[in-house]
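K.L.:
Questions regarding the structure given below will be posed in turn.
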Amino acid sequence: MAGVVHRFLLLLLFVAAAAMPASTNAAASSQTEALLAWKASLTDATALSAWTRAAPVCGWRGVACDAAGRVARLRLPSLGLRGGLDELDFAALPALTELDLNGNNFTGAIPASISRLVSLASLDLGNNGFVGSIPSQIGDLSGLVELRLYNNNFVGNIPHQLSWLPKITQFDLGNNWLTNPDYRKFSPMPTVKFLSLFANSLNGSFPEFVLKSGNITYLDLSRNNFFSGSIPDLLPEKLPNLRHLNLSSNAFSGRIPASLGRLTKLQDLRIDDNNLTGGIPKFLGSMGQLRVLALGDNPLGGPIPPVLGQLQMLEELQIVAAELVSTLPLQLADLKNLSVLNLAYNKLSGNLPLAFARMQAMRDFRISSNNLTGDIPRDLFTSWPELELFSVHNNMFTGKIPPELGKARKLYMLLMDDNRLSGSIPPALGSMTSLMYLDLSANNLTGGIPSALGHLSHLQFLNLSHNSISGPIMGNLGSNFKLQGVGSSGNSSNCSSGSAFCRLLSLENLDLSNNKLTGKLPDCWWNLQNLLFMDLSHNDFSGEISALGTSYNCSLHSVYLAGNGFTGVFPSALEGCKTLVSLDFGNNKFFGNIPPWIGKGFPSMRILILKSNNFTGEIPSELSQLSQLQLLDMSNNGLTGSIPRSFSNLTSMKNKKLISPQELFQWLSSDERIDTIWKGQEQIFEIKLPALNFFQLLTGIDLSSNSLSQCIPDELTNLQGLQFLNLSRNHLSCSIPGNIGSLKNLESLDLSSNELSGAIPPSLAGISTLSILNLSNNNLSGKIPFGNQLQTLTDPSIYNKNPRLCGFPLNISCTNSSLASEERYCRTCEDQYLSYFVMSGVVSGLCLWFGMFFSIETLRYAIICFVDAIQCKVTQKVSYINQFLSRGNTA
């Protein structure tokens, strides 16, 4: 019997052993098909081209298997994959312990079936475009240790089931659109060490479940904007292991709690951008383990405590915009490990201490927008070998720019603008070969521009505006070399003789405005292929802008040459600048016709200013093809002819144009300055990226002070986005368009000093936004419309020298005559028309009955009597009209 049992057991083992390969093969086939089906569903799976049945699944890219040949890890980060997870059969991957799809382009929702990954320990779907709510079923993944869903578009509440994960250590849901859960349903998460909910839409007080998760070492609740109340005093007792605490960009208020000093392991404290008050507490100086301290953007007030100089481990100190009233404590010089110091936008005063040269690890130094005075210590730049950013703009520093700056070979950003620095620009700055941003504007600098700046091959931004820099560009920057990448057909003698600027091939923004620069422009500037913004306005440049060959490449978006002495016809060099958005040639000496090719040559043009030159001829109708144009100023020239009716096709002037900051950034490479007449006086508009989400760009037309004639086209009233319209000081005639009231956004209208006649259209009173009006020096007649916005315009001078106008605000009453002015005007017209009809009837009758008059004696006698009667009536009517007109002129 025992032998039979033994043989039976051996048979079972044999059958089991024989079945195992078949089972394994079936599992392998199932997971292969599941992954291939998922790949087929992706809209971009180029990186998975090697996933085929010809190769074993365990050898596929990103796939790792366990000893049994089952897929255990799927690591596919940053491969450009695009699609979703709906077609992935999670049940076919029971051994999967890690799923990493970080940094792709996945979209759609996370399927609830993801809970079938029963062995999953790590799930990373961060940096994608997933949407919808986070499925609560993820809470069923009892083996999950790491959960990363950050940088997606998840919405809705955080599922409280996620707090049930018994092994979770890393919990990152940051940068989504998640809203407040019911924290009462959350369980403590004692295993969590890394907890990040940053950049969501959470609000209320500090989450209670966080305080009950006592092993957290990294906590980030920043950028929710709505967490409020005080920072809990119990943090040290509840979360004693904290090393990183980030509560920035919320609405926490009150004082910085002294209990934070008991967080003895804390290395990184960021509580900036809240509503904290009460100054910088001195206890922070005893937290010797701190590496990062960020307290800025709070209304803290008070001084900088010298005890902060005791933080010997500190690497980063940021107290920007905290309303600090203080000098710079000398004790900060003891921070030997400090590499980042940002104290900008406070009320700091006094000198920049020479002792700061001891902070030899300094890499990023910012003290801009304070009230600091004195010289900038030159020893800083020989003692800070790692310096990359130096920003001291908007202070009151004096003295010269230290030549020792040339020693800062790693410096990529130097901002010293808006101070009181004097002297010349040191040629040593040309040694800062890493420099990308150089701003020395708004100082008292003199002398020329050193040719050594031509060595700054990485320079992208150069602003030397608002100084007293003088001399010709060529004289200052001359050196003999050949411009790289530019053929001879695209150069002239200017460029071949060599301007150092021609070597700045990385330059994107050039601002030399408001100086005393003279001479001609180097032709190569039009061929700097990365140059987007060029402002040379308000200097003493002169001469013609040379025509260039056909092989140049212009990338300019904005060109400002206003307020110089340029001459010649409209520069053909611009014809290759197809991406121009802003062009200001105002206040120069350009002459000749405005070329029609502007209409087709600049499809993105928004701002065109040609005012105060000597342009002549007619306005090209082709300008109406500038569909993006919003500001047109051609005032104070010698233009003749009529206003083109085709201006009604200026699409962007038809409605209010709202521009998002993202749109604006695409075409404004720097702060734009626009000089134009606005509301009766010269204004300079500075267009900057706004704090609001949207804003309206100035929209208007100024054709004043020319010799334009004929009627104002009715079609102009289709441009309902106009904010100002100035057609003054021309020879325009006819009447004001009757539907001018359709310009519902008009704030300023100037039609003065023309030859306009007729009545003021009543529709003008319906423009509720109108605040500036000038109709003086015309031939307008009748009663001034009254009511709505017009009754607020009480200055009578806006109607001066229109002798036949009456009514408010003039001291000429329309009631002194027998009829109001409009009625008198219409009655006079009726009388005149009646007399014309009578005369026409007489002439026609004479022609028709002429033969009968001589052939029939009795009829001839009757006609003579009839004509005598008509003549009497006509004489009476004409006499009445003359009397009426005489009374009107003396009223």
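K.L.:
So if I check each of Q710, Q696, which one is modelled with pLDDT of 95 or more, surrounded by fewer than 22 Cβ atoms within 10 Å (Cβ to Cβ) and in contact with a strand residue (DSSP E or B) (Cβ under 7 Å, 6 or more places away or on another chain)?
P.N.:
That would be Q710, the only listed residue that is modelled with pLDDT of 95 or more, surrounded by fewer than 22 Cβ atoms within 10 Å (Cβ to Cβ) and in contact with a strand residue (DSSP E or B) (Cβ under 7 Å, 6 or more places away or on another chain).
K.L.:
Moving on. Can you tell me which condition S797 does not meet? The list is (1) at pLDDT below 90; (2) assigned to a helix (DSSP H, G or I), and all the others hold.
P.N.:
Of everything listed in (1) at pLDDT below 90; (2) assigned to a helix (DSSP H, G or I), S797 misses just condition (1).
K.L.:
When segment 316-329 is examined, which residues are found to be assigned to a loop (DSSP other than H, G, I, E, B) and either more than 16 Å from F356 (Cβ to Cβ) or among the aliphatic types (A, V, I, L, M) (or both)?
P.N.:
Of everything in segment 316-329, those that are assigned to a loop (DSSP other than H, G, I, E, B) and either more than 16 Å from F356 (Cβ to Cβ) or among the aliphatic types (A, V, I, L, M) (or both) turn out to be I319, V320, A321, A322, E323, L324, V325, L328.
K.L.:
Please verify whether L242 is crowded, with 18+ Cβ neighbours inside 10 Å, outside any loop (DSSP other than H, G, I, E, B) and on the phi < 0 side of the Ramachandran plot, treating the condition exactly as stated.
P.N.:
No.
K.L.:
Which one is farthest from N342 (Cα to Cα), of the residues in segment 352-379 that are of a type in the set (G, A, S) and assigned to a loop (DSSP other than H, G, I, E, B)?
P.N.:
The residue in question is A361.
K.L.:
Follow-up. Residues of segment 765-774 being in a strand (DSSP E or B) and touching a residue at least 40 places away in the same chain (Cβ under 8 Å), which ones?
P.N.:
I772, N774
K.L.:
Is it the case that segment 581-596 has a residue that's free of Cβ contacts under 8 Å to residues at least 40 places away in the same chain and in a helix (DSSP H, G or I)?
P.N.:
no
K.L.:
Tell me, yes or no, whether segment 41-56 has at least one residue that is touching a Ser or Thr at 6+ places or on another chain (Cβ under 8 Å) and surrounded by 14 or more Cβ atoms within 10 Å (Cβ to Cβ).
P.N.:
no
K.L.:
I've got another one for you. For segment 342-357, does any single residue satisfy the condition of being under 18 Å from G279 (Cβ atoms), surrounded by fewer than 17 Cβ atoms within 10 Å (Cβ to Cβ) and in contact (Cβ under 8 Å) with a residue 24 or more places away in the chain?
P.N.:
Yes, because at least one residue in segment 342-357 is under 18 Å from G279 (Cβ atoms), surrounded by fewer than 17 Cβ atoms within 10 Å (Cβ to Cβ) and in contact (Cβ under 8 Å) with a residue 24 or more places away in the chain.
K.L.:
Are there strands (runs of 3 or more DSSP E) fully within segment 142-202 with at least 2 residues that are more than 21 Å from P240 (Cβ to Cβ) and not polar (S, T, N, Q)? List them.
P.N.:
The qualifying strands (runs of 3 or more DSSP E) are 146-148, 153-157, 177-179.
K.L.:
Determine the pairs where a residue that is at positive phi, located within segment 775-800, has a partner that is in a helix (DSSP H, G or I) and polar (S, T, N, Q) with Cβ atoms under 7 Å apart, the partner being 6 or more residues away or on another chain.
P.N.:
G782/S821
K.L.:
Considering only segment 183-195, how many residues are surrounded by 21 or more Cβ atoms within 10 Å (Cβ to Cβ) and out of contact with any helix residue (DSSP H, G or I) (no Cβ under 6 Å at 6 or more places or on another chain)?
P.N.:
Residues that pass the stated criteria total 2.
K.L.:
From N514, N553, grab the single residue that is part of a loop (DSSP other than H, G, I, E, B), surrounded by fewer than 23 Cβ atoms within 10 Å (Cβ to Cβ) and on the phi > 0 side of the Ramachandran plot.
P.N.:
Answer to the check: N514.
K.L.:
May I ask you to list the residues in segment 103-120 that are closer than 21 Å to C65 by Cα, touching a strand residue (DSSP E or B) at 6+ places or on another chain (Cβ under 9 Å) and surrounded by 18 or more Cβ atoms within 10 Å (Cβ to Cβ)?
P.N.:
Across segment 103-120, the qualifying residues are I114, L117, L120.
K.L.:
If only one of N128, N151, N102 is under 15 Å from L42 (Cα atoms), modelled with pLDDT of 95 or more and not β-branched (V, I, T), which one is it?
P.N.:
N128
A quick yes/no check of all residues on (1) modelled with pLDDT of 95 or more; (2) under 23 Å from N152 (Cα atoms):
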| residue | (1), (2) |
| --- | --- |
| P181 | no, yes |
| K193 | yes, yes |
| P207 | no, yes |
| D220 | yes, yes |
| D233 | yes, no |
| L247 | yes, yes |
| R255 | yes, no |
| L276 | yes, no |
| S286 | yes, no |
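K.L.:
Here's something else I'd like to know. Taking the condition surrounded by 16 or more Cβ atoms within 10 Å (Cβ to Cβ), farther than 30 Å from S213 by Cβ and either in the same structural domain as A45 (by TED's automatic domain parsing) or free of Cβ contacts under 8 Å to residues at least 40 places away in the same chain (or both), does L99 pass?
P.N.:
Against the criterion (surrounded by 16 or more Cβ atoms within 10 Å (Cβ to Cβ), farther than 30 Å from S213 by Cβ and either in the same structural domain as A45 (by TED's automatic domain parsing) or free of Cβ contacts under 8 Å to residues at least 40 places away in the same chain (or both)), L99 does not qualify.
K.L.:
Find the residue count for segment 287-309, including only residues that are assigned to a loop (DSSP other than H, G, I, E, B) and surrounded by fewer than 18 Cβ atoms within 10 Å (Cβ to Cβ).
P.N.:
Selection size over segment 287-309: 7.
K.L.:
Can we say L332 is buried (at least 18 other Cβ atoms within 10 Å of the Cβ) and part of a helix (DSSP H, G or I)?
P.N.:
Criteria met by L332.
K.L.:
What is the residue count in segment 382-412 for residues that are closer than 16 Å to R363 by Cα, in contact with a helix residue (DSSP H, G or I) (Cβ under 6 Å, 6 or more places away or on another chain) and not in a loop (DSSP other than H, G, I, E, B)?
P.N.:
5
K.L.:
Please state which one of L583, L556 is in contact with a strand residue (DSSP E or B) (Cβ under 7 Å, 6 or more places away or on another chain) and over 23 Å from K654 (Cα atoms).
P.N.:
After applying the criteria, what remains is L556.
K.L.:
A428 - would you say it is under 34 Å from the mean Cα position of the chain (by Cα), small (G, A, S) and closer than 20 Å to G454 by Cα?
P.N.:
no
K.L.:
Sticking with this structure for a sec: Please go through segment 598-611 and give me each residue that is surrounded by fewer than 19 Cβ atoms within 10 Å (Cβ to Cβ) and either within 21 Å of the chain's Cα centre (by Cα) or outside the structural domain of S704 (by TED's automatic domain parsing) (or both), ordered by number.
P.N.:
P603, S604
K.L.:
Could you tell me whether L746 is assigned by TED's automatic domain parsing to the domain that holds P644, in contact with a helix residue (DSSP H, G or I) (Cβ under 9 Å, 6 or more places away or on another chain) and assigned to a loop (DSSP other than H, G, I, E, B)?
P.N.:
yes
The values are calculated or read from the model by the stated rules, or taken from the named source; none is laboratory data. This one's a predicted model, so the numbers in the text were calculated from it and none came from an experiment. When we count neighbours, we look across all protein chains shown, and the Cβ atoms used for this are built from the backbone with ideal geometry, even at glycine.
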